[in-house]
Each structure stands twice: as C-alpha cells, then as structure tokens.
Amino acid sequence: MADHDVSKNDTNSFESEDLTRAKDRVQVILARRGGRRLKLLWLLIGPGILVMLGENDAPSMLSYAQTGASYGVGFFLPFIILTFAMAYVVQEMTVRLAAATHRGHAELIFDRFGKFWGFFSMLDLVIGNVLTLVTEFIGIRAGLSYFGISPFISVIFSILVVFLAVSSRRYWTWERIALLLAAFNLIFVPAAVFAHPSASDVTHAFLTWRPLPGGFNINLLVQLMADVGATVTPWMLFFQQSAAVDKGITAKDIKQGRIDTAIGAIVAAAAAIATVLVCAPLFLHHVDLANISQSQFAQVLQPYVGRIASSLFALGLTEAGLVASIMISTSSAYAFGEVSRVPSSLNRKFKEAPWFYASLLGGAILAGAVVLIPGAPLQAISITVNVIATLLMPPALLFLIILVNDRDIMGQLVNRSLGNVFGWIIIVAITLMGSSYGLLTVFPHLIGG
C-alpha cells in the first residue's frame, strides 16, 4: 500500500513491506518469462475470487434462501446470473484502477475529489460495513445454533478466526488461508443435490426466464433489491482495489486479474443458485414464512430436504459469515489506513501497522458484541442489510466510473465505450430500484400488494 508522510522511524518497516511484496513479484516474473501460464494464474488469483465469494456472505445466502422459499425455481435463477455479470463489470474496473494507480480506493477518492467527497464515500462504506458485519455474526450464530452451539461461543469462535487469518502478517499467506475458507462456499452445491431439485424445472427456468412471479409489488421489489445487494456492494470496490495493490498487481497482470474475477463470479453464482434450489421445497410445500425468522431456515428445511442437506446449509451459512467477516473487516481497515495516512498492509507486522490491525479486529469485536446484546433487533438488521447496500451503491459506482474515465490516472487503461455503457446501465438500474423502493414505501397504494 502507498503510505504518505512516512517518518524515519518507519523506514525499516516500509522497506520490509516492499521487500516482502517484491519476493512474491519475483515468482510472478519468473513464471511469466518461463511461459508457465497456470503457475502465473495461480500466483495472481486471489482478490477477485475472494471478493465474489466474500460477497456470498451470511445475509446474501439468507437472501437467496428467502428467494427460493418465497418464489421457488423460476425468474430468480437467471436474474442471479445477471447480478453476478453486473458484479464482474464493476469489479473489473477496480482491477484496472489498482494496476494503473497502485493506490487504494479510499486514498484515490480523497486525492481526486477532495476531503468532502472522500469522507462522504467513507461514510457510505462505514454504514454498509458495520451493518453487514453484524449480519455476518448473525449468520454464524444461526448456522452454529443448528448444531447446539451457544451464541457466545459462536461469537468468540468467529473473532478468533478473523484474528488467526491476519496473524501471518504476510498478504500471500493471508490470501491463501482466506481462499481455502472461501472454497467451502460451494458446500451449498451438494446441499442442493440432496434437496433433489427438478432438473426440468431448473432447465426451463434458464431457457424461458419466466415472468415476474405474482406480479409486481413491494415485496417482490424488496427481494429484487436484496438479491442485487447480495451481489454488488460498496465494500467490494474498496477491498479488491486495495488487496490488488497490496498484492502488487501491475498492468501486465490485468488479464489474470480479469480471469480471477470471472472465476470468482462463476463459483459464487453457482453457490447462490444452489442456495435457492435448497430452499425451493419450502415454496413447493406452501410453507408459511410469516412467523419464521431467517436464522431458523436450517431447522425449517430439515423436514423437506433431509438432515444432510439442512446440515450442509447450516455449515455453509457459518462459512459464508466467517469468510465475509474476514473480507469486510480487512476492507474497512484498508480504507481507514489509506484515509488516516497510516501504514495499512497485510505485509506488515502488528507493531508496524497497529492502527490497521486494531481497526480490522475492532470492527469484528464490535459486531460480535452487538449480536450478543439482549433484545437487539437482529432479525430487522438481517432482513434490511442487503436492501441498504443497494441504496448505498449508486454513489460508490459513480465515483468508480468517473475514476476509470480519468486519463490522468488511468492512461491507456482508461474505460472503453462499452465499459461505460454497461457501467451507466448498472448505475441507472440500481438507482431506479432504490428510488422505486423509497416511493413505494411512502406511497404503497400506488401498486397492489
């Protein structure tokens, strides 16, 4: 990470960070010169896969579960594919930003737009991250409660995992640990297999893209927004750009960065669709969800999909919360370090970047504490967090698309016309959804339902 106003006392640690990153880059250079494409890809993948699977977090998987239970197999399967295509378009821009500028997203916004807009974007990030971190712990608590583990033990376990993940004090090692944990997001796929979905219904859903189920109403709009918010959120921009910089991504690595992001989008979409399929039997059996909290999904599923599928669902929910807790905490810490102009890199030791690690672990501890507050409105937070993420996304996307069109910082990596078309379509679509939600919340009589 680029650090400013570094004192003489910080020189050795700064050189240590660069030396650690340089050692990793030597391996990349040797693989590229030797024509070893698979090894080169292995060395460069990470930020894209992590950001996509990190976004398949606990509230996202609960949102997909709600989708399957409320609407079954139909419109939402291809819609989920579309949302991950949107996510790829957005995150590809952050890869190029990182390669062109070698600076984190928060730092870049402050430098290009000034303090006012910098703090505005940080407020956008902080609100989303704090709420989302709380829901990660809610998801972990819900998943582990299926196996009889108490909320207190669940929270302590989660914070310990976040701490252990960053204790290596080297980006490469942290990334590989996180990738190993993130791979378990695919546990939803065998869960879906054990739920025995109808192959013909799934195929028909993708080939025909059935019309909106039950007509357009505010409940459907909330579900649409929740599924968009389950795929595209502000923290992703800050995390992937900063992680790519910490990894040392250059312009020569953009191809691999795109592949990395595409792999992440495909794997995450598969897990998301599998989650819908696991919970679709609740829709087929007309299970009344009115008095069922999202945290009870695993227990409610068992009579309809069996013990194995419901257990895998609970484990997947736990994994999703743990991985996202690591990603989102790191995203916040990167942004805090960039804005505060303090050392912010996973290639530094604890004593070299105390504020970076303190903010990273502090966010996790705060979120865990909220979950343990007696009577805290956990259900309300869990239901609304993805909708809030969708409402917060347009400003973040606007900053992004302005930055990738700035030739002064992007050079030849500046956005092309097609990228701008897709980018603006995404911004307009998300803005319209947010505006429609606000309008229908104030004037529900405008439509039925």
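VAL161 versus (1) in contact (Cβ under 8 Å) with a residue 60 or more places away in the chain; (2) not in a helix (DSSP H, G or I): which is the lone unmet condition?
(2)
Can you find even one residue in the stretch 291-310 that is more than 30 Å from ARG348 (Cα to Cα), β-branched (Val, Ile, Thr), modelled with pLDDT of 90 or more and touching a Pro at 6+ places or on another chain (Cβ under 7 Å)?
Checked against the condition, which is being more than 30 Å from ARG348 (Cα to Cα), β-branched (Val, Ile, Thr), modelled with pLDDT of 90 or more and touching a Pro at 6+ places or on another chain (Cβ under 7 Å), the stretch 291-310 yields at least one hit.
If I ask for residues that are of a type in the set (A, V, I, L, M, F, W, C) and surrounded by fewer than 19 Cβ atoms within 10 Å (Cβ to Cβ), which ones from the stretch 90-126 would you list?
Within the stretch 90-126, PHE113, PHE116, TRP117, PHE119, PHE120, LEU123, VAL126 meet the criteria.
It is to be established whether one or more residues within the stretch 341-355 are over 20 Å from the mean Cα position of the chain (by Cα), at pLDDT below 90, assigned to a helix (DSSP H, G or I) and farther than 26 Å from ALA192 by Cα.
yes
Limited to the stretch 139-152, what total is found for residues that are under 13 Å from THR318 (Cα atoms), hydrophobic (A, V, I, L, M, F, W, C) and not in a loop (DSSP other than H, G, I, E, B)?
So the answer is 3.
Looking only at the stretch 174-206, how many residues end up being in a loop (DSSP other than H, G, I, E, B) and surrounded by fewer than 18 Cβ atoms within 10 Å (Cβ to Cβ)?
2
Report yes if LEU439 is modelled with pLDDT under 70, farther than 18 Å from ILE127 by Cα, more than 19 Å from the chain's Cα centre (by Cα) and part of a helix (DSSP H, G or I), otherwise no. Spell out how you get there, then give the answer.
Numbers: modelled with pLDDT under 70: yes; farther than 18 Å from ILE127 by Cα: yes; more than 19 Å from the chain's Cα centre (by Cα): yes; part of a helix (DSSP H, G or I): yes.
So LEU439 passes the test.
Keeping to the stretch 28-66, report how many residues are at pLDDT 85 or above, touching a helix residue (DSSP H, G or I) at 6+ places or on another chain (Cβ under 7 Å) and closer than 24 Å to ILE263 by Cα.
Looking only at that region, the number is 27.
Residues in the stretch 216-260 that are closer than 23 Å to ALA320 by Cα and either of a type in the set (Ser, Thr, Tyr) or free of Cβ contacts under 8 Å to residues at least 12 places away in the same chain (or both): how many?
Residues flagged as closer than 23 Å to ALA320 by Cα and either of a type in the set (Ser, Thr, Tyr) or free of Cβ contacts under 8 Å to residues at least 12 places away in the same chain (or both) within the stretch 216-260 amount to 3.
For residues that are in a helix (DSSP H, G or I) and out of contact with any Lys or Arg (no Cβ under 9 Å at 6 or more places or on another chain), scanning just the stretch 397-407, find the one that is modelled with the lowest pLDDT.
Of the residues in the stretch 397-407, the ones in a helix (DSSP H, G or I) are 397-404, 407.
Restricting the remaining residues to those that are out of contact with any Lys or Arg (no Cβ under 9 Å at 6 or more places or on another chain) gives 397-398, 400-401, 407.
Details: LEU397: 86, LEU398: 89, LEU400: 91, ILE401: 92, ARG407: 92.
Within the stretch 397-407, the match that is modelled with the lowest pLDDT is LEU397.
The values are calculated or read from the model by the stated rules, or taken from the named source; none is laboratory data. Model, not experiment: these values are computed from the prediction. When we count neighbours, we look across all protein chains shown, and the Cβ atoms used for this are built from the backbone with ideal geometry, even at glycine.
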